[in-house]
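Just so you know, all these numbers are worked out from the coordinates, no wet-lab data involved. These figures come from a predicted structure and were not determined experimentally. As a convention, Cβ positions derive from the backbone with ideal geometry for all residues, glycine included, and neighbour counts pool all protein chains shown.
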Amino acid sequence: MAKTPKPEELSKIDYKLPEKGWMDTPVEFKEGMYCHGARPQYLETVDFPNPRQWSSKKDEDWKLPENWKEIVLNGMKERLEKYRSFRLFMDICVRCGACADKCQFFLGTGDPKNMPVLRAELIRSVYKRYFTASGKMLGKLAGGRELTLDVLKEWWYYFYQCSECRRCSVFCPYGIDQAEITMIGREILNLLGLNTDWIAGPVANSYMRGNHLGLEPHTIKSNFDFMAEDIEEVTGIKVEPTFNRKGAEILFVAPSGDFFGDPGTYTCMGYLMLFHELGLDYTWSTYASEGGNFGSFTSMEMGKRLNYKIYAEAKRLGVKWILGGECGHMWRVVNQYMDTWNGPADFLEVPVSPITGTRFENAKSTKMVHIAEFTADLIKHGKLKLDPSRNDHLKVTFHDSCNTARGMGILDEPRYILKNVLNHFYEMPEETIREKTFCCGSGSGLNAAENMELRLRGGFPRANAVKYVHQKYGVNMLTNICAIDRAALPTLMNYWVPGVDVAGVHELVANALVMKGEKERTQDLRLEPLPEKVGAENV
Amino acid sequence: MGFEFNGKTYETDDDGYLINLDDWNQDVANFIAQNEGIEMTEAHWEVVNFLRDYYAEYKIAPMIKILIKEMKKMFGPEKGSNAYLYQLYPAGPALQACKIAGLPKPTGCV
């Protein structure tokens, strides 16, 4: 594995343009900036083409089918006909450059091919050459270029240096969604068996066992028992979650990272404590045991296949509606694709909170409510007894996760919750939050280990904004509502802003939650001592 | 990828984790450990053996929290800490000890 340079070195970013034009500057693969190729077993599991052992290094033989070029061009043709958005995005860019410096991967690498406009041009140039009259006739003069093996490898390198975060699309006067271009680019690469091992693994696991990690039902149960033990130690209360329970009112779906890795497990303990306190009639599922969907980082079809189980399980269990946890890309899938992919979910009801009676009209079509909406509504109606002073040891900021912020507009709910469960909240600079949030640098399945330099560079703008509030206000806790964030940000903070820890919002909710019959709390959910009491309980 | 050991070829992923779990035995473990710069002592084996037992039952490496708590139960409080595990496996118990134990690394949002 490539050795990661020190922060002093990595932060010296060279924005100098290459000597020749971009078409004449061949791609160079830098160690630490790309992922391993998908192993054959994973592709075989989901019947994907061209499973084989291969190395994704540029100079190695990628073992492509002989007619790979034909496959790519046919694949492009099919998608140009199928997705109006794709053709539109290929045609309408005027190269105004508004997006160029908005991408954290460009800001962190200085590589012009990470400017969204140029990343799109990598595939647009092939579109022009093979699918437009001017490009067919005039070639390079009309912005077209031949599809060569080098071009294909360039696609691989740069479509896996985009986290599909859509920050650039916020600034595009035409609203071109670069994430969709990357998605189609990856989809075409997958026709040749060109996926990363880190994405293909979770896809195969999720397909076979219901979740990215491949946790089997008894493993899930054992992890929950373990978390329940810790909750009992902190609160004296025994939570008893149920699994696959028919007739429950609500099915709860969360990212599997939340019941496997820290600090996700603390978020999960937060869900468990909140639902217990409410006496919510809900169930977990060991089948629909994943909110995330690495299939959506692979192809639309694979996203749909993995997403299927959520409605299928809701139907099998006979629940009324679905509640979803703190996951990022799950919500892009749920909000934008689920009901057309696998709906209509006409066997479910429009979600109504059993505690407040609020009818979630916004979830009328998907029947799935985001937990931040659910909890914000509880607080708004005064249904939770909260003691924010239990979070007084924390100075907190909030990182908007790309998918929930730009993919569904969850901007105010998490902030409303945080401000009610803690006393010290500080925003990062305006141009780095809400719709304009910077990506953690590891979204869309880029959170592997071998591409660590890419992740640290892509996360640099986010880390910079955290550093600002860390230095100015002493912020020591970076909150978020995404499992990839919880997995990726601790590494990013350790590297760029040591002294800042990472937590999901519901961990801090549960810290503050005053539960009926609890013992006096002396520890937070991490089993760390609570700050000394100063004020009275804030109800 | 892979490596040769005692005249046999072992298939691994690009980070050196064994692909076929049945390929594992103590000698192979010692060999992988050596390449990681680790001399296997009894203390190292305690961790590796626990990981393998856990994997046999649960088909995945344990959460670090579980590893720590179980180590504490089995071998006493001084062995149930992150610091102790990092002392044995400087590159991290999750990655390095699992590699030596012949287990695949967990993937997804972790």
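Structure notes:
- A straight Cα-to-Cα reach below 20 Å connects residue A:385 with the lysines A:238, A:419, A:516, A:519, A:533, residues fewer than 8 places away in its own chain not being considered.
- Between the C-alpha center of the stretch B:25-85 and that of the stretch A:363-437 there is a gap of 39 Å.
- Ranked for footprinting exposure by Cβ neighbours inside 10 Å, fewest first, A:101, A:24 give A:24, A:101.
- Taking amide H as placed 1.01 Å from N in the peptide plane, residue B:2 has its amide H under 5 Å from the amide H of B:12, each at least 5 places away in sequence or on another chain.
- Over the stretch A:417-539, the alpha carbon radius of gyration divided by the compact-protein estimate 2.2 N^0.38 Å works out to 1.17.
- Among B:16, B:92, B:76, residue whose mean-square fluctuation peaks in a GNM of chain B (springs only between Cα atoms under 10 Å): B:76
- Taking 4.7 Å between C-beta atoms as the pairing limit, the protein assembly as shown has these partnerless cysteines: A:35, A:93, A:96, A:103, A:162, A:172, A:268, A:327, A:440, A:482, B:98, B:109.
- Hydrodynamic analysis of the stretch A:72-160 uses the Kirkwood radius over alpha carbon pairs. Inserted into Stokes-Einstein at 4 °C and 1.567 mPa s, it gives a translational diffusion coefficient of 95 µm²/s.
- Computed [θ] at 222 nm, helices only, for the protein assembly as shown once each DSSP H run of length n ≥ 4 contributes -39500 (n - 2.57): -13000 deg cm²/dmol
- Calculated on alpha-carbon atoms, Rg and Dmax of the stretch A:203-354 in Å: 14.9, 46
- Expressed in Å, the radius of gyration and Dmax of the Cα atoms of the protein assembly as shown are 24.6, 78.
- Just so you know, the Rg over Rh for the stretch A:379-465 is 1.05, from Cα atoms, with Rh as the Kirkwood radius.
- Range of Cα positions in the stretch A:199-288 per principal axis (Å), largest first: 41, 31, 18
- The radius of gyration of the Cα set in the stretch A:95-207, together with its Dmax, comes out at 14.9, 47 angstrom.
- Virtual paramagnetic centre 7 Å along Cα→Cβ of residue A:471, amide N under 14 Å, in the stretch A:489-527: A:496-498
- Cross-link partners for residue A:136 among the aspartates and glutamates, with Cα-Cα distance under 12 Å and sequence neighbours closer than 8 places in the same chain left out: A:146.
- In straight-distance terms, cross-link reach from residue A:246 covers every one of the lysines whose alpha-carbon lies under 16 Å from its own, apart from those fewer than eight places away in the same chain; here that gives A:309, A:315, A:320.
- Taking 0.36 nm per residue of sequence separation and removing the Cα-Cα distance, the residue A:365/residue A:57 pair yields an extension gain of 106.4 nm.
- Taking label positions 7 Å along the Cα-Cβ direction at both residue B:6 and residue B:39, the computed distance is 2.2 nm, reported to one decimal.
- Crossing angle, helix A:371-380 versus chain A [Cα axis fit, 0-90 degrees, rounded to tens]: 40 degrees
- Each Lys and Arg Cβ is given +1 and each Asp and Glu Cβ -1; about its Cα centre, the stretch A:204-512 then shows a dipole of about 560 debye.
- Distance between the stretch A:119-175 and the stretch A:466-492 - C-alpha centres, whole angstrom: 34 Å
- Legend: ranking of residues A:138, A:317 from fewest to most surrounding C-beta atoms inside 10 Å; resulting order A:138, A:317.
- Cα pair count fraction exceeding 26 Å, expressed as % - the stretch A:273-390: 21 percent
- Averaged over the residues of peptide B:56-66, the number of Cβ atoms from other protein chains lying within 10 Å of each residue's Cβ is 6.
- Placing +1 on the Cβ of every Lys and Arg and -1 on the Cβ of every Asp and Glu, with no other charges, gives chain A a dipole of roughly 1420 debye about its Cα centre.
- Since only A:424, A:168, A:236 are under comparison, the one whose Cα sits farthest along the positive direction of the charge dipole of chain A, derived from C-beta charges on Lys, Arg, Asp and Glu, is A:168.
- Exposure proxy ranking for B:46, A:313, based on other Cβ atoms within 10 angstrom of each Cβ and starting from the fewest, stands as B:46, A:313.
- Taking Cα atoms only, the orientation of helix A:217-235 departs from the longest principal axis of chain A by about 50 degrees.
- The count of lysine pairs in the stretch B:2-100 that are at least 8 places apart or cross chains, and whose C-alpha atoms lie under 18 Å apart, stands at 4.
- Diffusion constant of the stretch B:2-100 at 37 °C, which comes from Stokes-Einstein with the Kirkwood Cα-pair radius and 0.692 mPa s, µm²/s: 236 µm²/s
- Net charge dipole, the stretch A:328-465: roughly 200 debye, given to the nearest 20, about the Cα centre with Cβ charges of +1 for Lys and Arg and -1 for Asp and Glu.
- Taking the C-alpha atoms of the stretch A:20-73, convex hull volume expressed per residue in Å³: 125 Å³
- Backbone phi angles across the stretch A:49-56, fed through the Karplus curve with coefficients 6.51, -1.76 and 1.60 (θ = phi - 60°), yield HN-Hα couplings of x, 6, x, 6, 7, 8, 10, 8 Hz in residue order; Gly and Pro are listed as x.
- Over 20 Å between alpha carbons, listed pairs A:30/A:58; A:113/A:153; A:20/A:113; A:30/A:57; A:20/A:69; A:304/A:367: A:20/A:69
- Computed with the Debye formula from one identical point scatterer per Cα of the stretch A:204-512, without solvent, the log10 of I(q)/I(0) at q = 0.08, 0.13 Å⁻¹ comes to -0.32, -0.89.
- Counting only alpha carbon atoms, the long axis of helix A:300-317 and the longest principal axis of chain A meet at about 20°.
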